[in-house]
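One structure is given here, and the rest of the page talks about it.
The values are calculated or read from the model by the stated rules, or taken from the named source; none is laboratory data. This is a predicted model, so every value here is computed, not measured. Cβ atoms come from the backbone with ideal geometry, glycine included; neighbour counts cover every protein chain shown. Quick note on the areas: whole protein, heavy atoms, side chains included, nothing else; ligands and nucleic acids left out. Shrake-Rupley method; radii C 1.70, N 1.55, O 1.52, S 1.80 Å.
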Amino acid sequence: MRAFAVLLAILFVACDAIPGRVATFTSSPTAVTSVAPATATPTASVTPTATPSPSPTPSPSPKPIAEMLAQIDAEKLDGHLRALTGVQSRHPLHPGHAKAVAYLMEQLSAIPGVAVQDIPTSYNGVRLDNIFATINPLAGSGTAGAGWGMICAHYDSTANRTRGWNPATDPAPGADDNATGTAALLEYARILAADRASLRMPIVLAFFDGEEYFFKGSLAYLQSLPTPTPYRWVINIDMVGFNPLADRLDLVYYTAKSAALRDRVKEANQRYQIGISPLVEQLATSDAFILDAAPFGLVGGIPSVALVQRYGEIDGTFPGNFTFHTVNDTPDKITNKRLWLKAAKLTLATALELARGGAQL
(Lines give C-alpha, C1' and ligand atoms only; values in the text may rest on other atoms or scores of the structure.)
Protein backbone atom coordinates (compact mmCIF):
# COMPACT_ATOMS: atom_id res chain seq x y z
CA MET A 1 0.00 0.00 0.00
CA ARG A 2 2.90 2.35 0.67
CA ALA A 3 4.16 1.89 -2.87
CA PHE A 4 0.65 2.40 -4.25
CA ALA A 5 0.29 5.64 -2.34
CA VAL A 6 3.72 6.79 -3.50
CA LEU A 7 2.83 6.03 -7.09
CA LEU A 8 -0.47 7.86 -6.90
CA ALA A 9 1.31 10.90 -5.49
CA ILE A 10 3.88 10.75 -8.27
CA LEU A 11 1.13 10.32 -10.84
CA PHE A 12 -0.56 13.54 -9.74
CA VAL A 13 2.74 15.42 -9.63
CA ALA A 14 3.77 14.11 -13.04
CA CYS A 15 0.47 15.23 -14.54
CA ASP A 16 1.35 18.81 -13.60
CA ALA A 17 5.06 18.54 -14.34
CA ILE A 18 4.88 17.38 -17.97
CA PRO A 19 4.19 20.25 -20.38
CA GLY A 20 1.50 19.66 -22.97
CA ARG A 21 0.86 16.13 -21.83
CA VAL A 22 -2.55 15.75 -23.45
CA ALA A 23 -1.28 16.68 -26.90
CA THR A 24 2.04 14.94 -26.47
CA PHE A 25 0.95 11.55 -25.20
CA THR A 26 -1.91 10.58 -27.48
CA SER A 27 0.17 8.29 -29.69
CA SER A 28 0.56 4.59 -29.09
CA PRO A 29 2.68 2.06 -30.97
CA THR A 30 1.21 0.99 -34.28
CA ALA A 31 -0.88 -2.16 -34.24
CA VAL A 32 -2.75 -4.19 -36.86
CA THR A 33 -6.36 -3.05 -36.71
CA SER A 34 -7.64 -6.61 -36.97
CA VAL A 35 -5.72 -7.45 -33.81
CA ALA A 36 -5.84 -4.43 -31.52
CA PRO A 37 -9.10 -3.30 -29.94
CA ALA A 38 -10.76 -0.38 -31.66
CA THR A 39 -10.17 1.79 -28.62
CA ALA A 40 -6.43 1.17 -28.90
CA THR A 41 -6.00 2.72 -32.32
CA PRO A 42 -3.41 5.52 -32.09
CA THR A 43 -4.75 9.05 -32.50
CA ALA A 44 -1.39 10.06 -33.97
CA SER A 45 -0.76 13.52 -32.61
CA VAL A 46 2.94 12.66 -32.81
CA THR A 47 4.29 11.65 -36.21
CA PRO A 48 6.49 8.54 -36.07
CA THR A 49 10.08 9.25 -37.04
CA ALA A 50 10.44 5.91 -38.77
CA THR A 51 8.17 3.67 -40.82
CA PRO A 52 7.93 -0.12 -40.89
CA SER A 53 10.57 -1.80 -43.02
CA PRO A 54 9.42 -4.28 -45.70
CA SER A 55 8.16 -7.48 -44.16
CA PRO A 56 10.33 -10.56 -44.48
CA THR A 57 9.01 -13.80 -45.95
CA PRO A 58 7.48 -15.69 -43.06
CA SER A 59 8.76 -19.08 -42.00
CA PRO A 60 6.59 -21.95 -43.32
CA SER A 61 5.89 -23.08 -39.77
CA PRO A 62 6.61 -21.59 -36.35
CA LYS A 63 9.87 -22.66 -34.81
CA PRO A 64 9.76 -24.26 -31.38
CA ILE A 65 10.34 -21.74 -28.63
CA ALA A 66 13.52 -23.52 -27.57
CA GLU A 67 14.95 -22.88 -31.04
CA MET A 68 13.92 -19.24 -30.81
CA LEU A 69 15.79 -18.87 -27.52
CA ALA A 70 18.92 -20.35 -29.08
CA GLN A 71 18.91 -17.49 -31.59
CA ILE A 72 19.83 -14.95 -28.91
CA ASP A 73 23.42 -14.15 -29.78
CA ALA A 74 25.71 -13.42 -26.82
CA GLU A 75 28.17 -11.61 -29.08
CA LYS A 76 25.43 -9.36 -30.41
CA LEU A 77 24.29 -8.61 -26.85
CA ASP A 78 27.83 -7.63 -25.95
CA GLY A 79 28.22 -5.52 -29.09
CA HIS A 80 25.06 -3.54 -28.32
CA LEU A 81 26.16 -3.04 -24.73
CA ARG A 82 29.53 -1.66 -25.80
CA ALA A 83 27.90 0.66 -28.33
CA LEU A 84 25.47 1.98 -25.71
CA THR A 85 28.17 2.52 -23.10
CA GLY A 86 30.49 4.01 -25.72
CA VAL A 87 28.44 7.22 -25.91
CA GLN A 88 29.75 7.99 -22.37
CA SER A 89 26.35 8.76 -20.88
CA ARG A 90 22.71 8.20 -21.78
CA HIS A 91 21.45 10.71 -19.24
CA PRO A 92 18.92 13.02 -20.96
CA LEU A 93 21.04 16.09 -20.15
CA HIS A 94 24.22 14.66 -21.69
CA PRO A 95 25.15 14.89 -25.42
CA GLY A 96 25.59 11.11 -25.43
CA HIS A 97 21.85 10.67 -24.95
CA ALA A 98 21.11 11.83 -28.51
CA LYS A 99 23.75 9.43 -29.80
CA ALA A 100 22.07 6.57 -27.96
CA VAL A 101 18.69 7.50 -29.42
CA ALA A 102 20.23 7.57 -32.90
CA TYR A 103 21.82 4.17 -32.35
CA LEU A 104 18.57 2.58 -31.20
CA MET A 105 16.59 4.09 -34.07
CA GLU A 106 19.21 3.01 -36.61
CA GLN A 107 19.40 -0.56 -35.32
CA LEU A 108 15.63 -1.01 -35.09
CA SER A 109 14.81 0.64 -38.41
CA ALA A 110 17.20 -1.71 -40.20
CA ILE A 111 15.16 -4.78 -39.21
CA PRO A 112 12.50 -5.77 -41.76
CA GLY A 113 9.03 -6.14 -40.25
CA VAL A 114 9.54 -3.77 -37.30
CA ALA A 115 7.51 -0.57 -36.93
CA VAL A 116 9.60 2.01 -35.09
CA GLN A 117 8.51 5.20 -33.32
CA ASP A 118 10.28 7.81 -31.23
CA ILE A 119 7.56 9.45 -29.15
CA PRO A 120 9.09 12.36 -27.21
CA THR A 121 7.81 13.75 -23.95
CA SER A 122 9.36 16.01 -21.33
CA TYR A 123 9.84 16.18 -17.61
CA ASN A 124 10.57 19.52 -15.92
CA GLY A 125 11.57 20.90 -19.31
CA VAL A 126 13.93 17.99 -20.14
CA ARG A 127 13.18 16.09 -23.32
CA LEU A 128 12.70 12.35 -22.96
CA ASP A 129 12.52 9.96 -25.90
CA ASN A 130 10.40 6.84 -25.51
CA ILE A 131 11.23 4.52 -28.41
CA PHE A 132 8.84 1.77 -29.47
CA ALA A 133 9.46 -1.15 -31.78
CA THR A 134 6.26 -3.00 -32.62
CA ILE A 135 6.19 -6.50 -34.08
CA ASN A 136 2.74 -7.18 -35.47
CA PRO A 137 1.35 -10.59 -36.42
CA LEU A 138 1.18 -11.24 -40.13
CA ALA A 139 -2.15 -10.31 -41.70
CA GLY A 140 -4.67 -12.97 -40.79
CA SER A 141 -2.53 -14.44 -38.00
CA GLY A 142 -3.77 -12.30 -35.13
CA THR A 143 -6.54 -13.11 -32.71
CA ALA A 144 -9.26 -10.48 -32.53
CA GLY A 145 -9.44 -8.81 -29.14
CA ALA A 146 -6.18 -10.36 -27.91
CA GLY A 147 -4.69 -6.96 -27.08
CA TRP A 148 -0.98 -6.26 -26.98
CA GLY A 149 1.98 -7.48 -24.97
CA MET A 150 4.98 -5.39 -23.90
CA ILE A 151 8.61 -6.15 -23.12
CA CYS A 152 10.33 -3.06 -21.74
CA ALA A 153 13.69 -1.80 -20.56
CA HIS A 154 15.01 1.67 -19.83
CA TYR A 155 18.03 2.89 -21.76
CA ASP A 156 18.80 6.12 -19.89
CA SER A 157 21.62 6.09 -17.34
CA THR A 158 22.85 7.97 -14.31
CA ALA A 159 25.90 8.13 -12.02
CA ASN A 160 24.27 10.15 -9.26
CA ARG A 161 25.96 8.08 -6.55
CA THR A 162 29.35 9.44 -7.66
CA ARG A 163 30.29 12.45 -5.57
CA GLY A 164 30.30 15.71 -7.55
CA TRP A 165 28.88 14.09 -10.67
CA ASN A 166 27.52 16.51 -13.31
CA PRO A 167 24.85 14.88 -15.51
CA ALA A 168 25.46 17.29 -18.41
CA THR A 169 29.19 16.65 -18.73
CA ASP A 170 30.31 13.59 -16.77
CA PRO A 171 30.13 9.94 -17.83
CA ALA A 172 27.37 7.57 -16.79
CA PRO A 173 28.13 4.40 -18.78
CA GLY A 174 25.25 2.40 -17.28
CA ALA A 175 26.52 -0.99 -18.46
CA ASP A 176 24.51 -3.12 -16.06
CA ASP A 177 21.90 -0.42 -15.45
CA ASN A 178 20.54 -0.81 -18.03
CA ALA A 179 22.48 -1.49 -21.20
CA THR A 180 22.00 -5.18 -20.38
CA GLY A 181 18.21 -4.98 -20.69
CA THR A 182 18.35 -2.59 -23.64
CA ALA A 183 20.65 -4.92 -25.58
CA ALA A 184 18.24 -7.79 -24.94
CA LEU A 185 15.37 -5.81 -26.47
CA LEU A 186 17.43 -5.16 -29.59
CA GLU A 187 17.98 -8.89 -29.96
CA TYR A 188 14.25 -9.55 -29.47
CA ALA A 189 13.44 -7.19 -32.32
CA ARG A 190 15.70 -9.12 -34.67
CA ILE A 191 14.37 -12.52 -33.63
CA LEU A 192 10.66 -11.71 -33.33
CA ALA A 193 10.48 -9.91 -36.67
CA ALA A 194 11.25 -13.20 -38.42
CA ASP A 195 8.62 -15.05 -36.35
CA ARG A 196 5.57 -12.89 -36.97
CA ALA A 197 3.62 -15.79 -38.48
CA SER A 198 3.44 -17.44 -35.05
CA LEU A 199 2.17 -14.38 -33.17
CA ARG A 200 -1.47 -13.94 -32.22
CA MET A 201 -0.99 -10.49 -30.70
CA PRO A 202 1.43 -7.60 -31.28
CA ILE A 203 4.51 -7.40 -29.09
CA VAL A 204 5.69 -3.88 -28.30
CA LEU A 205 9.34 -3.50 -27.34
CA ALA A 206 9.41 -0.32 -25.25
CA PHE A 207 12.75 1.42 -24.76
CA PHE A 208 11.81 3.80 -21.98
CA ASP A 209 13.61 7.03 -21.17
CA GLY A 210 13.59 8.81 -17.82
CA GLU A 211 13.53 5.75 -15.57
CA GLU A 212 16.31 7.36 -13.58
CA TYR A 213 13.96 10.31 -13.01
CA PHE A 214 11.75 7.81 -11.15
CA PHE A 215 10.18 6.14 -14.22
CA LYS A 216 8.86 9.35 -15.77
CA GLY A 217 8.99 7.97 -19.34
CA SER A 218 6.95 4.86 -18.64
CA LEU A 219 4.54 6.75 -16.40
CA ALA A 220 3.93 9.34 -19.12
CA TYR A 221 3.26 6.58 -21.63
CA LEU A 222 0.82 4.88 -19.29
CA GLN A 223 -1.06 8.17 -18.97
CA SER A 224 -1.37 8.33 -22.77
CA LEU A 225 -3.15 4.99 -23.11
CA PRO A 226 -6.87 4.71 -23.78
CA THR A 227 -9.28 3.17 -21.31
CA PRO A 228 -9.46 0.22 -21.26
CA THR A 229 -5.76 -0.23 -21.95
CA PRO A 230 -4.82 -2.42 -24.93
CA TYR A 231 -2.01 -4.12 -22.98
CA ARG A 232 -2.58 -7.54 -21.48
CA TRP A 233 0.86 -8.04 -19.92
CA VAL A 234 4.15 -6.23 -19.33
CA ILE A 235 7.57 -7.81 -18.74
CA ASN A 236 10.45 -5.57 -17.65
CA ILE A 237 14.14 -6.56 -17.87
CA ASP A 238 16.55 -4.35 -15.92
CA MET A 239 20.08 -4.91 -14.53
CA VAL A 240 20.76 -8.57 -15.25
CA GLY A 241 24.52 -8.83 -15.85
CA PHE A 242 26.22 -8.64 -12.47
CA ASN A 243 26.54 -11.46 -9.97
CA PRO A 244 29.79 -13.38 -9.48
CA LEU A 245 28.18 -15.75 -6.96
CA ALA A 246 25.05 -17.24 -8.53
CA ASP A 247 22.69 -17.17 -11.48
CA ARG A 248 20.13 -15.41 -9.33
CA LEU A 249 17.33 -13.08 -10.36
CA ASP A 250 14.50 -11.46 -8.47
CA LEU A 251 11.07 -11.92 -10.03
CA VAL A 252 9.24 -8.77 -8.96
CA TYR A 253 5.47 -8.72 -9.36
CA TYR A 254 2.88 -6.06 -8.65
CA THR A 255 -0.35 -6.88 -6.75
CA ALA A 256 -2.35 -10.08 -6.99
CA LYS A 257 -3.27 -9.25 -10.59
CA SER A 258 0.31 -10.08 -11.58
CA ALA A 259 0.45 -13.46 -9.85
CA ALA A 260 -0.58 -15.45 -12.94
CA LEU A 261 2.11 -13.74 -15.03
CA ARG A 262 4.64 -14.39 -12.26
CA ASP A 263 3.75 -18.07 -12.41
CA ARG A 264 4.17 -18.15 -16.19
CA VAL A 265 7.72 -16.85 -15.79
CA LYS A 266 8.52 -19.50 -13.19
CA GLU A 267 7.07 -22.25 -15.40
CA ALA A 268 9.06 -21.08 -18.43
CA ASN A 269 12.26 -21.19 -16.39
CA GLN A 270 11.57 -24.87 -15.71
CA ARG A 271 10.04 -25.84 -19.05
CA TYR A 272 12.95 -24.57 -21.14
CA GLN A 273 15.60 -25.50 -18.56
CA ILE A 274 16.92 -21.96 -18.54
CA GLY A 275 18.58 -22.47 -15.19
CA ILE A 276 18.04 -19.24 -13.26
CA SER A 277 18.52 -20.29 -9.65
CA PRO A 278 17.45 -18.99 -7.32
CA LEU A 279 14.54 -17.21 -8.98
CA VAL A 280 13.23 -15.27 -6.00
CA GLU A 281 9.66 -13.97 -5.93
CA GLN A 282 9.36 -10.42 -4.65
CA LEU A 283 5.97 -8.76 -4.16
CA ALA A 284 6.52 -5.03 -4.68
CA THR A 285 5.17 -3.36 -1.57
CA SER A 286 7.61 -0.45 -1.32
CA ASP A 287 9.58 1.85 -3.60
CA ALA A 288 12.64 -0.40 -3.11
CA PHE A 289 11.41 -2.27 -6.20
CA ILE A 290 10.25 0.62 -8.34
CA LEU A 291 11.05 -0.20 -11.97
CA ASP A 292 9.41 0.61 -15.30
CA ALA A 293 6.92 -2.20 -14.71
CA ALA A 294 5.64 -0.44 -11.59
CA PRO A 295 3.34 2.16 -13.21
CA PHE A 296 1.69 -0.52 -15.33
CA GLY A 297 1.22 -2.91 -12.42
CA LEU A 298 0.39 -0.58 -9.54
CA VAL A 299 -1.38 2.27 -11.30
CA GLY A 300 -2.57 0.70 -14.55
CA GLY A 301 -3.71 -2.60 -13.06
CA ILE A 302 -1.99 -4.51 -15.89
CA PRO A 303 -0.34 -7.86 -15.07
CA SER A 304 3.32 -6.82 -14.81
CA VAL A 305 6.58 -8.39 -13.69
CA ALA A 306 10.23 -7.39 -13.67
CA LEU A 307 13.34 -9.54 -13.89
CA VAL A 308 16.19 -7.85 -12.06
CA GLN A 309 19.26 -8.89 -10.13
CA ARG A 310 19.14 -8.25 -6.43
CA TYR A 311 20.76 -4.83 -6.19
CA GLY A 312 20.30 -4.14 -2.50
CA GLU A 313 20.95 -6.50 0.38
CA ILE A 314 23.95 -8.82 0.47
CA ASP A 315 23.38 -12.53 1.01
CA GLY A 316 24.88 -15.87 0.04
CA THR A 317 23.64 -15.56 -3.56
CA PHE A 318 24.43 -11.90 -4.16
CA PRO A 319 27.46 -9.86 -3.06
CA GLY A 320 25.94 -6.43 -3.68
CA ASN A 321 26.55 -4.30 -6.74
CA PHE A 322 28.27 -1.11 -5.63
CA THR A 323 29.01 0.23 -9.12
CA PHE A 324 25.47 0.86 -10.35
CA HIS A 325 24.54 4.55 -10.49
CA THR A 326 28.25 5.42 -10.52
CA VAL A 327 30.83 6.22 -13.19
CA ASN A 328 32.20 2.71 -12.62
CA ASP A 329 29.22 0.85 -14.09
CA THR A 330 31.35 -0.11 -17.09
CA PRO A 331 31.33 -3.17 -19.39
CA ASP A 332 34.08 -4.92 -17.44
CA LYS A 333 31.72 -5.01 -14.44
CA ILE A 334 29.37 -7.37 -16.27
CA THR A 335 30.71 -10.29 -14.28
CA ASN A 336 28.06 -12.87 -15.17
CA LYS A 337 27.31 -12.93 -18.88
CA ARG A 338 25.79 -16.37 -18.43
CA LEU A 339 23.12 -14.84 -16.17
CA TRP A 340 22.56 -12.04 -18.69
CA LEU A 341 21.90 -14.58 -21.44
CA LYS A 342 19.60 -16.61 -19.20
CA ALA A 343 17.60 -13.52 -18.26
CA ALA A 344 17.23 -12.64 -21.94
CA LYS A 345 16.04 -16.16 -22.71
CA LEU A 346 13.54 -16.31 -19.85
CA THR A 347 11.98 -12.99 -20.83
CA LEU A 348 11.64 -14.01 -24.47
CA ALA A 349 10.32 -17.48 -23.63
CA THR A 350 7.54 -16.08 -21.47
CA ALA A 351 6.61 -13.43 -24.02
CA LEU A 352 6.50 -15.93 -26.87
CA GLU A 353 4.27 -18.31 -24.97
CA LEU A 354 1.86 -15.49 -24.20
CA ALA A 355 1.92 -13.95 -27.68
CA ARG A 356 1.54 -17.24 -29.50
CA GLY A 357 -1.46 -18.13 -27.38
CA GLY A 358 -3.02 -14.66 -27.50
CA ALA A 359 -2.99 -14.96 -23.72
CA GLN A 360 -5.48 -13.15 -21.54
CA LEU A 361 -4.07 -13.01 -18.04
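Do we find a residue being under 18 Å from Ala351 (Cα atoms), of a type outside the set (Lys, Arg), surrounded by 15 or more Cβ atoms within 10 Å (Cβ to Cβ) and in contact with a His (Cβ under 8 Å, 6 or more places away or on another chain) anywhere in region 270-292?
The answer is yes; a qualifying residue exists.
Based on what the data block shows, is Ser122 open to solvent by 10 Å² or more (accessible area, probe 1.4 Å) and either closer than 23 Å to Leu341 by Cα or assigned to a strand (DSSP E or B) (or both)?
Taking the combined requirement at face value, the residue satisfies it.
Here are Asn160, Asn236, Asn178: which of them is of a type outside the set (Gly, Ala, Ser) and open to solvent by 10 Å² or more (accessible area, probe 1.4 Å)?
Asn160
Restricting to region 297-327, what's the tally of residues that are free of Cβ contacts under 8 Å to residues at least 24 places away in the same chain and open to solvent by 40 Å² or more (accessible area, probe 1.4 Å)?
4
Given (1) closer than 29 Å to Ile191 by Cα; (2) open to solvent by 50 Å² or more (accessible area, probe 1.4 Å); (3) not polar (S, T, N, Q), identify the lone condition not met by Ala256.
It fails just one condition, (1).
Does region 334-355 hold any residues that are open to solvent by less than 60 Å² (accessible area, probe 1.4 Å) and either part of a loop (DSSP other than H, G, I, E, B) or modelled with pLDDT under 95 (or both), and which are they?
Ile334, Asn336
Being in contact (Cβ under 8 Å) with a residue 60 or more places away in the chain and open to solvent by 10 Å² or more (accessible area, probe 1.4 Å) is the filter here, so list the residues in region 141-152 that pass it.
Hits for region 141-152 are Gly142, Thr143, Ala144, Gly145.
With respect to the numbered conditions (1) more than 24 Å from Gln88 (Cα to Cα); (2) open to solvent by less than 10 Å² (accessible area, probe 1.4 Å); (3) out of contact with any helix residue (DSSP H, G or I) (no Cβ under 7 Å at 6 or more places or on another chain); (4) assigned to a loop (DSSP other than H, G, I, E, B), which one is the sole condition not fulfilled by Pro137?
(3)
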